[in-house]
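The values are calculated or read from the model by the stated rules, or taken from the named source; none is laboratory data. All values derive from a computational prediction rather than experimental measurement. Every residue, glycine among them, receives a Cβ derived from its backbone with ideal geometry; neighbour counts consider all protein chains shown.
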Amino acid sequence: MTTPVDGLGEALAAVDAFDRALVAGLSRPQPARVADLTELAHAVAGSPLAARVAEAVGKAAAGAAGEDHFLALAAARTALLGAAHDALTARADESTGRPRGEASTAASDQRQPVNLLLAARTWLADLARAGWQGIDHELVGSAAQIVSAMLPDPALRRLATLLDGFAAELAASCPGASLDRFPARRWGDLWARALLLTRPGATAPRPAAPVTGRLLPLGVDLHEHATAAQAQVHAVFEPTDGGAPRLVRASVSVPKPDTVVAAGVWQLLRPHLPLLTALGEGRSMQLTDMPLTEDGDLIWDDDRARTGEPADAFATARVALPAATAPPTAPLDRHTAGLAEPVFLEGYTTRQDGDSPLTFGFAGHSLAVDTDRIPAAGPLTPEAVAASRACIGLLRWDDGAFHVQPLAVETTVRKKTVALQAGAWAGGTTDKTGVKAEKAATDAVTVLRERAGRLLRT
């Protein structure tokens with residue numbers, strides 16, 4: 001885990017170089033930015049993209065790049081991050097001894113209206129020419145009409161949502177000339193992903209097949225935004241046909257008012273995914289013909305699931321997790337930020353000096369613990385993690401190193417072993433802090449509904 005991955009630094013340096021060029025804009029790049037573009041071309045010189053990227057860099061250096069050239073540059077950037085993701089995933093699999101499934105080739109979806117895809121591509125090309133330093137409200141606002149036309153079409157909704165969120169972030173930062181710092185990696189990610197999705201057929205339906213068996217939850221990863229929340233349950237699935245257990249995920253996303261925070265978020269999520277209640281109660285679920293995509297996502301249907309017997313997450317982690325097969329990653333999801341591998345750790349020591357991050361120690365080596373990702377909507381706290389002796393977490397990679405995000409820990413309270421789950425309050429709670437937060441959320445939602453009702457009546 002601590003040994004450097006060959007070529008990883010060089011790949012990410014080439015991505016950073018291109019992102020610097022994108023900050024300044026590609027309409028008339030300066031010599032330093034031309035050198036950055038050339039670094040991207042050199043990084044993919046041994047790949048099938050070499051000729052097209054070299055041509056695109058030449059055109060961009062002359063200020064004459066067209067939309068197809070920007071598409072080639074976006075593909076090169078995405079390929080480098082995909083290669084970095086694959087190298088880190090291989091290192092994680094080597095460390096855990098976990099087998100991984102292989103992806104098949106999915107049929108492309110050709111139903112998207114080409115004119116709307118071309119309109120989106122033109123807007124993204126205009127962004128690249130202006131650069132993040134050159135954005136203004138007029139340029140960013142021109143995406144609104146494209147998004148409005150796309151949203152009614154389910155085949156275009158993924159791209160429309162991406163463009164809508166991207167445009168909102170850019171609009172909040174306009175004018176670009178007034179900014180001192182830019183989220184270059186993030187905006188580069190969004191720009192490249194959106195541009196690739198404008199290629200007809202890029203959005204392929206994910207292969208899915210019905211599965212029947214027992215679902216054993218490990219923990220829940222809660223993502224919160226001011227206006228949205230998502231709960232992603234990580235679990236081990238044991239098929240009834242005797243096949244190998246598999247790592248799977250089940251997710252639910254909901255819009256939310258920014259006044260609903262902490263444990264109140266569960267009120268919004270709970271009705272849409274009964275699995276959250278099962279997880280909070282420490283139970284398994286029996287699935288019957290539940291669709292499961294090749295890349296490990298359950299397409300949840302309440303009619304195909306029922307609550308099963310009690311299932312301790314730590315027993316699952318000790319017994320079932322080591323033998324579970326990890327799913328392959330969808331092509332466009334191959335990104336270093338997307339690495340999230342369920343792991344079980346015990347026998348470690350904990351250490352934290354001053355303002356330095358908490359670390360788990362193993363035989364002279366250390367693994368950083370990302371306590372900032374622990375949600376406030378549960379009983380799990382950084383202090384409990386620091387006092388723990390076993391941990392279920394997600395192995396992630398950020399800022400040049402692996403780290404672990406705790407989902408649950410075993411610790412000792414009054415000489416008794418206690419398990420604390422980040423999602424323990426997902427199905428409801430009698431904990432005083434949780435009850436107080438849920439009551440505050442209920443009051444906030446009630447007031448908002450009354451105001452909305454008055455507005456609709458008027």
Subject >> Hits in the range 362-390 (condition: surrounded by fewer than 15 Cβ atoms within 10 Å (Cβ to Cβ) and either among the basic types (Lys, Arg) or at positive phi (or both)) >> reply: Ala363, Gly364
**OP:** Run down Ala226, Ala231, Ala244, Ala278 and say which single residue is out of contact with any strand residue (DSSP E or B) (no Cβ under 8 Å at 6 or more places or on another chain) and touching a residue at least 24 places away in the same chain (Cβ under 8 Å).
**Re:** Ala226
**OP:** Looking at (1) loosely packed, with under 15 Cβ neighbours inside 10 Å; (2) in a strand (DSSP E or B); (3) modelled with pLDDT under 95, find the lone condition where Thr212 falls short.
**Re:** (3)
Subject >> the range 391-448 - residue that is of a type in the set (D, E, K, R) and part of a helix (DSSP H, G or I) and, of those, farthest from Leu268 (Cα to Cα) >> reply: Lys432
Original post:
Can you find a residue in the range 417-439 that is free of Cβ contacts under 8 Å to residues at least 12 places away in the same chain, surrounded by 17 or more Cβ atoms within 10 Å (Cβ to Cβ), of a type outside the set (A, V, I, L, M) and not assigned by TED's automatic domain parsing to the domain that holds Val236?
Top reply: no
Original post:
Within the range 198-207, can one find any residue that is within 19 Å of Gly101 (Cα to Cα) and among the basic types (Lys, Arg)?
Top reply: yes
Original post:
So is Ala171 surrounded by 15 or more Cβ atoms within 10 Å (Cβ to Cβ) and more than 22 Å from Glu67 (Cβ to Cβ) or not?
Top reply: yes
**OP:** Residue by residue through the range 235-257, note down the ones that are assigned to a strand (DSSP E or B) and farther than 16 Å from Ala323 by Cβ.
**Re:** Arg249, Ala250, Ser251, Val252, Ser253, Val254, Pro255
Original post:
Going by the structure shown, is Ala41 surrounded by 14 or more Cβ atoms within 10 Å (Cβ to Cβ) and under 22 Å from His335 (Cβ atoms)?
Top reply: yes
Original post:
In the range 166-177, what residues are in a helix (DSSP H, G or I) and among the hydrophobic types (A, V, I, L, M, F, W, C)?
Top reply: Phe166, Ala167, Ala168, Leu170, Ala171, Ala177
**OP:** With respect to Thr359, determine if the residue is farther than 24 Å from Trp425 by Cβ, crowded, with 19+ Cβ neighbours inside 10 Å, touching an Asp or Glu at 6+ places or on another chain (Cβ under 7 Å) and not basic (Lys, Arg).
**Re:** no
Original post:
For the range 303-320, how many residues meet the condition of being assigned to a helix (DSSP H, G or I) and either in the same structural domain as Cys391 (by TED's automatic domain parsing) or closer than 16 Å to Val211 by Cβ (or both)?
Top reply: 2
Subject >> Qualifying residues in the range 262-314 (those that are among the β-branched types (Val, Ile, Thr) and closer than 23 Å to Pro327 by Cα) - the one surrounded by the most Cβ atoms within 10 Å (Cβ to Cβ) >> reply: Thr293
**OP:** Mind counting the residues in the range 345-375 that are more than 15 Å from Phe402 (Cβ to Cβ) and either modelled with pLDDT of 95 or more or in contact with a Pro (Cβ under 7 Å, 6 or more places away or on another chain) (or both)?
**Re:** 2
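Residues checked against (1) over 24 Å from the mean Cα position of the chain (by Cα); (2) among the basic types (Lys, Arg):
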{"site": "Leu8", "(1), (2)": "no, no"}
{"site": "Leu22", "(1), (2)": "no, no"}
{"site": "Asp36", "(1), (2)": "yes, no"}
{"site": "Ser47", "(1), (2)": "yes, no"}
{"site": "Arg52", "(1), (2)": "yes, yes"}
{"site": "Gly58", "(1), (2)": "yes, no"}
{"site": "Gly66", "(1), (2)": "yes, no"}
{"site": "Phe70", "(1), (2)": "yes, no"}
{"site": "Arg77", "(1), (2)": "no, yes"}
Original post:
So which residues in the range 218-242 are over 19 Å from the mean Cα position of the chain (by Cα) and buried (at least 17 other Cβ atoms within 10 Å of the Cβ)?
Top reply: Val236, Phe237, Glu238
Original post:
Out of curiosity, is Val260 among the β-branched types (Val, Ile, Thr) and not in a loop (DSSP other than H, G, I, E, B)?
Top reply: no
Subject >> Hey, Thr412 touching a Lys or Arg at 6+ places or on another chain (Cβ under 8 Å) and surrounded by fewer than 16 Cβ atoms within 10 Å (Cβ to Cβ) or not >> reply: yes
**OP:** Mind listing whichever residues of the range 6-32 are among the basic types (Lys, Arg) and either modelled with pLDDT under 95 or not in a helix (DSSP H, G or I) (or both)?
**Re:** Arg28
Subject >> Counted residues, the range 227-242 - those being within 17 Å of Ser284 (Cα to Cα) and hydroxyl-bearing (Ser, Thr, Tyr) >> reply: 1
Original post:
If we scan the range 178-194, do we find a residue that is at pLDDT below 95, in a helix (DSSP H, G or I) and under 23 Å from the mean Cα position of the chain (by Cα)?
Top reply: no
